[in-house]
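Novice: Sharing a structure with you now.
None of the figures in this text is laboratory data; all of them are computed from the coordinates on show. Worth saying up front: this structure is predicted, and the values here are computed from it rather than measured. Cβ sites come from the backbone with ideal geometry, for glycine too, and all protein chains shown count toward neighbours.
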Amino acid sequence: MPAKRILHKFKLNEISAVDRPAQIHATALIMKRAKLDPDLPGDEDSPKKTKSAGKSVDTKTKTPGGSKMPKEKTLDELTSENETLKKQMAVLTTLSAFSDEEKTFYKGLDESAQAAFIAKSAQDRTDEVEMSKSADPVIYTSLDGSQFRKSDDSRIVASAKRADLMEKRFNEAAEKSNDLSLEKRAAVELGKLPGEAKVHINILKALDTIKDETDRAAALTAIRAGAHAMTKNFERRGSSEEGGGKTALEQLDNIAKKHAKDNNMDFYKAYDEVLKTPEGSELYSQTLN
């Protein structure tokens, strides 16, 4: 085994970390220490310059930009900062566990009251929130679920009520318009089925809730087929005034089909438009006789 050679005096310009080192078992120990600065507190007695290898070396520590390094914090300062961070973390952890009601209540407190609220147990916080709710009850709940309490600005509450009233009136008007359209459809498509017009409207509404378009069309076709079959029992034939021919219901049906084809639209939309014409209105009135 060759004798080991130990180097005592040499200069290293660079130490690199590599995946395949030339000297696998070689180790390097690196130590760093800030130079003393007589301008910093605690270093007043240190010399501004020291001798190193026969040369004068300035011991003032500066950053690459030329500014002085910040003063190192004492153990007491670091301990104090650590305790402050722990308290802040504890507050954030507690706040993250708050319910929405507790968060809203917490935001309305001043700084000292917030600290006292956080220090309480979970049950005590819940009790305090419930107590505040009883002292400030809900006086109005809007259509979208928003709650207004006694302490809220009365003008805001009044504005919410007016908005809800307008929305209700709009919805009622839209529902009446829809019912009128359905009533006309029901009279044409289901007029000969047993039941009042309201029952027929509800049948069409129920059909409209079928999501699958194919299934909805099949169900409506089956009902309309039954309605059309029943109209034959009421058809007048060979009348001298009419000279024979189709019923008013069948004429409406054919006109609507032609209108839908000519205008490339849905059959039932075409029905609605035909009913608004003088001819359609007259045929519709005949179906009611």
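Novice: Nearest 0.05, what FRET efficiency do Ala97 and Asp152 give at R0 = 30 Å with Cβ-Cβ as r?
Specialist: Details: r = 27 Å, r/R0 = 0.91.
Efficiency for this residue pair is about 0.65.
Novice: Please work out the Kirkwood hydrodynamic radius for segment 77-135, using every pair of different C-alpha atoms, and report it in angstroms with one decimal place. Before the final figure, lay out each step's value.
Specialist: On the way: mean 1/r = 0.0804 Å⁻¹.
After inverting the pairwise mean of 1/r, the radius is 12.4 Å.
Novice: Around Tyr140, which amide H atoms from residues at least 5 apart in sequence, or from another chain, sit under 5 Å from its own amide H, with H modelled in the peptide plane?
Specialist: So Tyr140 has HN proximity to Phe148.
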